[in-house]
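The structure appears right after this line, and notes come after that.
The values are calculated or read from the model by the stated rules, or taken from the named source; none is laboratory data. This structure is a prediction, so every number in the text was calculated from the model and none was measured. For neighbour counting, all protein chains shown are included, and Cβ atoms are generated from backbone atoms with ideal geometry for every residue, glycine included. Heads up: the accessible areas ignore ligands, DNA and RNA and are worked out on the full protein's heavy atoms, side chains in. Shrake-Rupley method; radii C 1.70, N 1.55, O 1.52, S 1.80 Å.
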Amino acid sequence: MRHLSEYRDSARVRRLADEIGRLVTRSCGIMEVCGGQTHSILRNGIDQLLPDRIRLIHGPGCPVCVTPVQIMDHALSIAAQPNVIFCSFGDMLRVPGSSDDLFGVRSRGADVRIVYSPLDALQITQREQQSGTGRQVVFFAVGFETTAPANAMTVKLARDRNVTNFSLLVSHVQVPPALDYIMSSSANQVDAFLAAGHVCSVMGHWQYHEIAQRYRVPIVVTGFEPLDLLEGIRRTVLQLNAGRHEVENAYARVVSREGNTEAQAMIRQAFTTCDQEWRGIGIIPRSGWKLRDEYRDFDAAVRFPQQTVCTAEAGICRAGEVLQGVLKPDECPAFGKECTPQTPLGATMVSSEGACAAYYNYRRHSSEKGE
């Protein structure tokens, strides 16, 4: 792989942005699917380099942001139990449930721990099992296709090692069904997609060809550095100018058409496709993964059944429209007022990949480009 600095060269960035400005012939909406791409675009000022005819639309590719309130409430109820060690990546601790978050239950004595891998949680489990405490360890398995292989491998290891005090609370979602949902919506404003390179490094880009053909929409796989993103935008503009609707791989140094077939096999071994609720959006058919029946004993949703609860979002929060690309973050009336990173109403203001957090952190307003 080349040095990373080559993809951040400011002179090359400006030349490529100028080239895009000369190429674009009509107004078009290009959605970057991944929240990491959104943050890179705003952090590096890419949106301000592009001509007004290009509208960058921020997509739902932030796993923290789309984890539904019901699952967050279930996580909170499990974490609050006295015999449980609840393990999670740090970015989930401030995601609001109906009335609390994981930081809140931890402050009241719950054993909530930040881990950096599901294998960390499994190690905690094995120590607890050896010490005979009888405590259960639950790992919050959240994410898109990028985190699914590690979670699948961990639950397989737990079964192979006869670990009895470990389980996963699963909230996995998949990108292609979300693109299908967006394109079929009556509120759709998307003319082309920038597909997330890290997801495609696992899954390949073969799944996107049907979507590109069905909706006649260009899809370009790209990375996260300024030149990666601008090259992806350049290719979408060329396709739109020519009336083409193809899948192009602009991230070939990382992504292949087939992806990581061993990782995909691991996912299929542990998970099966299911309908999944996306926070602020609703249920998207066959967009999630759940544990297969043979891993039922490691399913925290089975081990800790959720009581009937009434979940609710903050009424003023319009994060769902932000996630669908219908609304810019600063067009929400609560943005920067009732809703800030210190007092978040929605997950899009909490997550390190959330569009609302990006607009707040980089002081971006849609009026700056006349959007």
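Taking the C-alpha atoms only, the angle from helix 175-184 to the longest principal axis of the chain is near 50 degrees. Using a probe radius of 1.4 angstrom, the carbon and sulfur fraction of the accessible surface of region 198-260 is 46%. Relative to the dominant Cα principal axis of the chain, helix 118-131 is inclined by about 10°.
Ratio of region 36-193's C-alpha Rg to 2.2 N^0.38 Å, to two decimals?
Values: Rg = 19.0 Å, N = 158, 2.2 N^0.38 = 15.1 Å.
Cα Rg divided by the expected 2.2 N^0.38 Å: 1.26.
At a probe radius of 1.4 angstrom, the accessible area of the chain per residue rounds to 42 square angstrom. Residues within the reach of a label modelled at residue 133 (point 7 angstrom out along Cα to beta-carbon, backbone nitrogen below 13 Å), restricted to region 80-98, are 82-87. Using the Cβ-Cβ distance between residue 126 and residue 352 with R0 set to 41 Å, the FRET efficiency from 1/(1 + (r/R0)^6) comes to roughly 0.85. Each other residue within a Cβ distance under 12 Å of residue 111 adds +1 if Lys or Arg and -1 if Asp or Glu, for a net charge of +3. Put a plus charge on the Cβ of each Lys and Arg, a minus charge on the Cβ of each Asp and Glu, and nothing anywhere else: the dipole of region 229-371 about its Cα centre is then about 260 debye.
For the full complex of protein chains and a 1.4 angstrom probe, list 302, 170, 163 by accessible area with the highest value first. Show your work: numbers first, answer last.
Details: 302 55, 170 30, 163 5 Å².
My answer, sorted largest first, is 302, 170, 163.
Going by accessible surface with a 1.4 Å probe and the largest first, 266, 31 read 266, 31. Summarising the overall dimensions of the chain from its C-alpha atoms, the Rg and Dmax are 21.0, 69 angstrom. Provide the net charge surrounding residue 351, with neighbours chosen by a C-beta distance below 14 Å and charges set as Lys +1, Arg +1, Asp -1, Glu -1. For residues surrounding residue 351, the net value is -1. Entry note, the chain: the mean residue ellipticity at 222 nm calculated from DSSP H runs of n ≥ 4, each adding -39500 (n - 2.57), is -11000 deg cm²/dmol after division by the residues and rounding to the nearest 500. Relative contact order of the chain: 23 percent, from C-alpha pairs under 8 Å at least 6 residues apart in sequence. Under a 5 Å amide H cut-off, with hydrogens placed 1.01 Å from N, residue 87 pairs with 113, 138, 139, 140 among residues at least 5 apart or on other chains.
Pop out the carbon and sulfur fraction of the accessible area of region 281-359 as a percent, whole number, probe 1.4 Å. Carbon and sulfur atoms account for 50 percent of the accessible area of region 281-359. With respect to the chain, whose longest principal axis is taken over its alpha-carbon atoms, helix 69-79 is tilted by about 30°.
At an R0 of 25 angstrom, the distance between the Cβ atoms of residue 117 and residue 361 translates into a FRET efficiency of 0.40.
Counting only protein heavy atoms and a probe of 1.4 Å, the accessible surface of region 1-138 is 47% carbon and sulfur.
Identify which of 208, 360, 116 has the largest mean-square fluctuation in a Gaussian network model of the chain, with springs joining Cα atoms closer than 10 Å. Result: 116 has the largest fluctuation of those listed.
Net length available on complete extension from residue 306 to residue 338 is 8.5 nm, with 0.36 nm assigned per residue and the Cα-Cα distance removed. Here, P(r) means the percent of Cα pairs in each 5 Å bin from 0 to the largest distance; for region 229-339 it is 2, 8, 9, 11, 13, 16, 16, 13, 9, 3, 1. Placing unit charges on the Cβ atoms only, positive for Lys and Arg and negative for Asp and Glu, gives region 194-235 a dipole magnitude near 220 debye about its Cα centre.
Dipole magnitude for the chain: about 360 debye, using +1 per Lys or Arg Cβ and -1 per Asp or Glu Cβ, origin at the Cα centre.
Summing +1 for each Lys or Arg and -1 for each Asp or Glu among the other residues whose beta-carbon sits under 14 angstrom from that of residue 43 gives -2.
The accessible area of residue 290, taken with all protein chains in place and a 1.4 Å probe, comes to roughly 100 Å².
Extension gain, residue 22 to residue 48: 0.36 nm times the residue separation minus the Cα-Cα distance gives 7.8 nm. Along region 218-233 the Karplus relation, 6.51 cos²θ - 1.76 cosθ + 1.60 evaluated at θ = phi - 60°, assigns HN-Hα couplings of x, 10, 10, 7, 9, x, 10, 7, x, 5, 4, 5, 5, 5, x, 5 Hz to successive residues, with x for each Gly and Pro.
Taking the chain as a Gaussian network of alpha-carbon nodes connected by springs under 10 Å, the highest mean-square fluctuation of the residues 48, 239, 136 belongs to 48. For the pair residue 81 and residue 296, label points projected 7 Å from Cα toward Cβ lie 1.8 nm apart.
Loop only per DSSP, at most 16 neighbouring Cβ atoms within 10 Å: give me the GluC sites (Glu not before Pro) in region 216-290, ordered by residue number. Walk me through the numbers on the way to the answer.
Numbers: sites: 231, 246, 248, 258, 262, 277; in loops: 246, 258.
For GluC sites (Glu not before Pro) across region 216-290 that sit outside H, G, I, E and B with at most 16 neighbouring Cβ atoms in 10 Å, the list reads 246, 258.
If you build a Gaussian network model of the chain, linking Cα atoms that sit under 10 Å apart, which residue out of 228, 299, 275 swings the most? Judging by the Gaussian network model, the answer is 275.
Each residue of region 35-51 is assigned a 3J(HN,Hα), and the resulting list reads x, x, 5, 4, 5, 5, 4, 6, 4, 9, x, 5, 4, 7, 7, 8, x Hz, derived from the Karplus form 6.51 cos²θ - 1.76 cosθ + 1.60 (θ = phi - 60°), x at Gly and Pro.
Rounded to whole numbers, the Karplus 3J(HN,Hα) couplings from phi for region 188-205 are 4, 10, 8, 9, 7, 10, 9, 7, 6, x, 6, 5, 5, 5, 8, 9, x, 10 Hz, using 6.51 cos²θ - 1.76 cosθ + 1.60 with θ = phi - 60°, and x at Gly and Pro.
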